[in-house]
Amino acid sequence: MRFASLGSGSEGNALLISTHSGTTRTTVMLDCGFGIRETERRLGRLGIAPSELSGIIVTHEHKDHVGGVFKFARRHRVPVWLTHGTLRAVSRDSHDVDIHLCRDGDRFAIGDLELAPYTVPHDAREPVQYVASDGALRLGVLTDAGQSTPHLVGALAACDALVLECNHDREMLANSSYPYSLKMRIGGAYGHLSNDTAAEILSALDRSRLSRLVGAHLSQQNNTPELARQALESVLTGESTEIMIACQEEGFGWVDVAA
């Protein structure tokens, strides 16, 4: 199994997860916050044609995650999986798309990938994140959550790779020019994970199998890659986990999930 990012941040998000069995390959896209042409361009950069996608899985209805999903799905005839609450929030955009509903705790398969959605605290209708498995390896994804919960810590236990939100540095956010209400939303219990909270979650996880870690969804105004990396490294001292940081413009290239 391998994964790559088309871009990560408030201007657009999309993640690819791919596995193969014999001559068959399954590739899914998690979220799509870019326009059709930009998505096609970024897919091409990673060597993927739209026709190779087996499905799109959606976390929630915010524009930076779902803005390009339905136009892309209609043009390229790609099925979409999302929760009932998310579908209600985007129902005007989802016509003529092959829709499949999912919910917390109910695993489903797309080709040779098993996807396990789990609920997270975020200010959306019915937000979920996902753990993907090819039967041997597990990739966990956690972005767009305001706080840690026992449920998400349990869902992400014993992953071989993890994409973890490190949205903001608390001090940079507090001293930013953002309106007070926006600061409260971002830093609140249903907003986004700070570097410190991401580190706390990482510390609480069963990391016995973790070999790849990606810090993701960094704010370009209220964080730096160096601060995010320092927070993650503070937990992983003496461990062999490889750390990467995703960016808005390039995301990151293909990463193999290792046992």
Antiparallel %, DSSP beta bridges [both residues in the stretch 15-76], to 5: 70
DSSP-defined antiparallel bridges as percent of all bridges, the stretch 2-256, nearest 5: 55
Part-to-part distance (alpha-carbon centres) for the stretch 178-240 and the stretch 28-64, which is given in Å: 24
The chain, relative contact order in percent, only Cα pairs under 8 angstrom and at least six apart counted: 20
Relative contact order for the stretch 190-259, counting Cα pairs under 8 Å that sit 6 or more residues apart, in percent: 41
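No lab work stands behind these numbers, since they all come straight from the coordinates. Here the structure is a predicted model, which is why all the values come from computation and not from measurement.
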